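A short write-up of the structure that comes next.
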Amino acid sequence: MKVESERDIHENFRTGNAAKDLNDYTHIVLKSKNNFPKAERYLLAKDIQILSNKIEDRLWYANDLRLDIPEESALRMKIQRETLFDLKALQRMVERALRWEYINYHICETWTRHIIAVSSMLYNWYRKELKK
């Protein structure tokens, strides 16, 4: 039975903090009346905000699960996999917003960097847990 080291806990918090940064940026972009037409703010923008909140909340929840309890460890890995899929879905939504000209290229690029950062950290976290 292996207990998480301080380094593992710090790494997981980095992922959670990156997800928080992604969610904060999502909120900033979506609250601007210049980015999404009013009707879209209640459709695509709402879906984006819900998914961004879900990603952040699930990563913090996964971080709190204990590795020394097999059921919690399995749940943690399941949440990690599902969140990777959610990040891909969020990226597609951001690209859709660019294609439909609700956001400009700079916003898309910055948003994508946040998504890639969280995805990369989460993937590394997941891979490390697969090896345990």
Checklist entry - If you wrap the stretch 6-130's Cα atoms in a convex hull and average its projection over all directions, what's the area in nm²? => result 7.3 nm²
Checklist entry - R0 = 25 Å: FRET efficiency of K78 with N124, Cβ-based, nearest 0.05? => result 0.90
Checklist entry - Going toward the positive end of the dipole of the chain, with +1 on Lys and Arg Cβ and -1 on Asp and Glu Cβ, which of I79, I28, A39 do you reach last? => result A39
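Rule-based calculations on the coordinates, nothing more; no lab input. If you're wondering where the values come from, they're calculated on a predicted model, not measured in any experiment. When we count neighbours, we look across all protein chains shown, and the Cβ atoms used for this are built from the backbone with ideal geometry, even at glycine.
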